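Values quoted throughout were computed directly from the atomic coordinates according to the rules given, and no laboratory measurement underlies them. Keep in mind it's a predicted model, so treat the numbers as computed, not measured. Positions of Cβ are backbone-derived with ideal geometry, glycine not excepted, and every protein chain shown enters the neighbour counts.
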Amino acid sequence: MTTTRDVIVVGAGIAGIYAMYRALEAGLDVVGIEAGESVGGTWFWNRYPGARCDVESVDYSYSFDRQLEMDWTWSERFATQPEIRAYLDHVADRYDLRRHFVFSRRVTTARFDEQASTWTLTTDDGVQHHSRFLIMATGCLSAPIRPDLPGIDDYAGTMLFTAQWPDQPVDLSGKRVGLIGTGSSGIQVAPIIAEQAESLTVFQRSPNYTVPARNRLLTAEELREVQETYPQRREASRYAPAGSLSATHPKKATEVSAEERQAAFEARWQEGGVLFAKTFPDQSTDIVANDYAREFAEAKIRSIVEDPEVADDLIPKDHPIGTKRIVTDSGYYAMYNRANVELVNLRKHAIEQVTTWGIKTDDASYELDVIVFATGFDALTGALTSIDLRGARGAVLADEWADGPTTYLGLGIAGFPNLITVNGPGSPSVLANMATHTEQQVDWAIDLIQHCREHGIDQAEPRADAAEKWTEHLGEVAAGTLFTRAPSWYMGANIEGKTRTFMPYIGGFGNYRRICDEVRDTGYEGFVLS
Ligand code: N01
């Protein structure tokens, strides 16, 4: 006999864990499916040395249980991957969530039956699962890219991927290591490799702006103060532009003197972290303001990196600062002053091929024992479109999104009834604190499911015109910023052939929450409920 559940949750990362918790709390019959062997999502897979969150640890945590936030002790300003993984393990165990998940199974197909109003999911072992609703908590940076370099399969050394790093420590001492990729992952892992390995050769296609993280241990007093004031802190975060506390200079960069501007940038640089990109309120909308920030960062790079040619190669030329995800690092630029580190600028000398012994560019040969790939993800859409996902009236998700994702509020997709995406395209997603964002979206999803159950509604599907209007609005808001000028993964620009469109909602997390609340409170305007 087949069991049709109320809900299937796909994914056991920060969003899937919370979706499972809320579904159970609401008394729903639910099962979760997770490709990894355990909970953790991003923090399960990305185990490379140096992996660390760029949102402060005290904020990158659930707020749903006052006791949980009082009990958990964060040890550093920015938590390491092992600490976040331990936290998510703790949450899964504390609320006894694990037994509701099927682990080590990847969803391959999802089909909606219009007559029965149910979803059928098939996993890679051929097993089928049925449910009325589907919560896709599949992650926004969870479909890693393996670059299609000529000869890559011939390489006889060790290949490591930051997004699928081995669970056991890797000893790189005495090894000649090559690193491809200089985004957040590559920039985090590089200084640690440089310390361990005999040599590190960084193959850089595009430089990124990175600011010092200035990570440090949290004192017991600091943590206690945050814990005591959590209720106010969380409430403010729920309506903050990026889902955690931040403030900009009260005046625009273009309104202050050169000295005041310099002092403000310097203060943020010294403070460390991604908020450098938000020093002034006009920094991501006015190119003049952005240029001030860019020039400041460039002067910093030139002051740290001793070789002027290397410094020049490390300075991005193709985007305003902050319009690609700004990176935070621990000693990245200074690493280039080490004798065992070399930068290869692939814009000057492209990779011709990977050989059995290393990498050959059009200018030189590099013998390597290990190649580390930190080559990014098919962001926001990849985890969803890689599933053969078919909705009502013959809709196939990969086809529907061929020209870019169209969603309603980043929560529903026309043609796909009873399917809710969490942290996906069309919502603030990667522009917000994932913990706060997850709670808002999952709460909204559970409210919708409860509403349907209470009112005898079998299907909830966004109207096509509502989804188009929302997606248009998304584009208009993005067009008012400098973000659309960057060849970023926000734009789909890191994947050849992917339609370039700004995928997350950049109108602010607090505003987004209010819009979603209003839709809910007015009886799910924009949805067809039947
Ligand atoms: O991936 P990326 P990531 N040949 O896409 C290069 C979050 N995150 O994993 O720019 C040569 O940024 C590619 O070059 P190019 C964070 O949101 C957060 O580093 O396409 N190079 C680029 O340099 C982040 O933004 C944290 O020219 C190739 C790199 O690989 C997001 O995840 C830590 C190539 C990919 O960079 C993604 O970051 C880690 C090729 N064939 C991640 N293909 C923190 O919280 C790709 N590249 C701190």
For this session: Between H451 and Q270, with labels modelled 7 Å along Cα→Cβ, what's the label distance in nm to one decimal, could you check?
Result: 5.0
Exercise. Assuming R0 = 51 Å, what is the FRET efficiency of E342 and T522, from their Cβ-Cβ distance, to the nearest 0.05?
Worked result: 0.30
Exercise. Can you work out ³J(HN,Hα) from phi for every residue in the stretch 87-98, in order, using Karplus 6.51 cos²θ - 1.76 cosθ + 1.60 and θ = phi - 60°, giving whole Hz and x for Gly and Pro?
Worked result: 4, 5, 4, 4, 5, 4, 6, 4, 9, 6, 8, 4
Seminar exercise, completed: Expressed in µm² per second, the diffusion coefficient of the stretch 271-421 from the Stokes-Einstein equation, with Rh the Kirkwood radius over alpha carbon pairs, at 20 °C and 1.002 mPa s, is 108
Exercise. Roughly speaking, what is the stretch gain from W357 to S257, that is 0.36 nm per residue apart minus the C-alpha to C-alpha distance, in nm to one decimal?
Worked result: 30.5 nm
Exercise. What trypsin sites (Lys or Arg not before Pro) in the stretch 223-301 are in a loop by DSSP, with at most 15 other Cβ atoms within 10 Å of the Cβ?
Worked result: K251
Exercise. What is the ratio of the Cα radius of gyration of the stretch 28-70 to 2.2 N^0.38 Å, where N is its residue count, to two decimals?
Worked result: 1.51
Problem set entry | Over the stretch 32-154, volume per residue of the alpha carbon convex hull, in Å³ | 164
For this session: Report, to the nearest 10°, how far helix 287-304 tilts away from the longest principal axis of the Cα atoms in the chain, using its own Cα long axis and a range of 0 to 90°.
Result: 50
Exercise. What are the ³J(HN,Hα) values, in whole Hz, obtained from phi via the Karplus relation 6.51 cos²θ - 1.76 cosθ + 1.60 with θ = phi - 60°, for each residue of the stretch 371-383 in sequence order, with x given for Gly and Pro?
Worked result: 10, 9, 9, 10, 9, x, 9, 7, 6, 6, 9, x, 5
Exercise. What number, in percent, do you get for the relative contact order of the stretch 447-530 if the mean sequence gap of Cα pairs under 8 Å and at least 6 apart is divided by its residue count?
Worked result: 40
For this session: Mind checking the stretch 405-514 for GluC sites (Glu not before Pro) that DSSP puts in a loop (not H, G, I, E or B) and that have at most 12 other Cβ atoms within 10 Å?
Result: E496
Problem set entry | Relative contact order [Cα under 8 Å, 6+ residues apart], the chain, whole percent | 20
Exercise. For the stretch 385-530, what percent of Cα pairs sit more than 24 Å apart?
Worked result: 30
For this session: Determine the distance separating the Cα centre of the stretch 67-127 from the Cα centre of the stretch 288-365; give it in Å without decimals.
Result: 37
Seminar exercise, completed: Protection proxy (average C-beta count within 10 Å per residue), highest first, orders 420-429, 194-203 as 420-429, 194-203
Problem set entry | Cβ-Cβ FRET estimate between Q115 and E496, R0 fixed at 41 Å, reported to 0.05 | 0.55
Problem set entry | Diffusion constant of the stretch 407-456 at 20 °C, which comes from Stokes-Einstein with the Kirkwood Cα-pair radius and 1.002 mPa s, µm²/s | 189
Problem set entry | Translational diffusion of the chain, µm² s⁻¹ [Kirkwood Rh, Cα pairs; Stokes-Einstein; 25 °C; 0.890 mPa s] | 102
Exercise. Once both labels are modelled 7 Å past Cα along the beta-carbon direction, what's the Q164-D148 spacing in nm?
Worked result: 1.7
Problem set entry | Taking D148, D378 and counting other C-beta atoms within 10 Å, the order from fewest to most | D148, D378
Exercise. With the calculation restricted to Cα positions, what are the radius of gyration and Dmax of the stretch 295-363 in angstrom?
Worked result: 14.1, 43
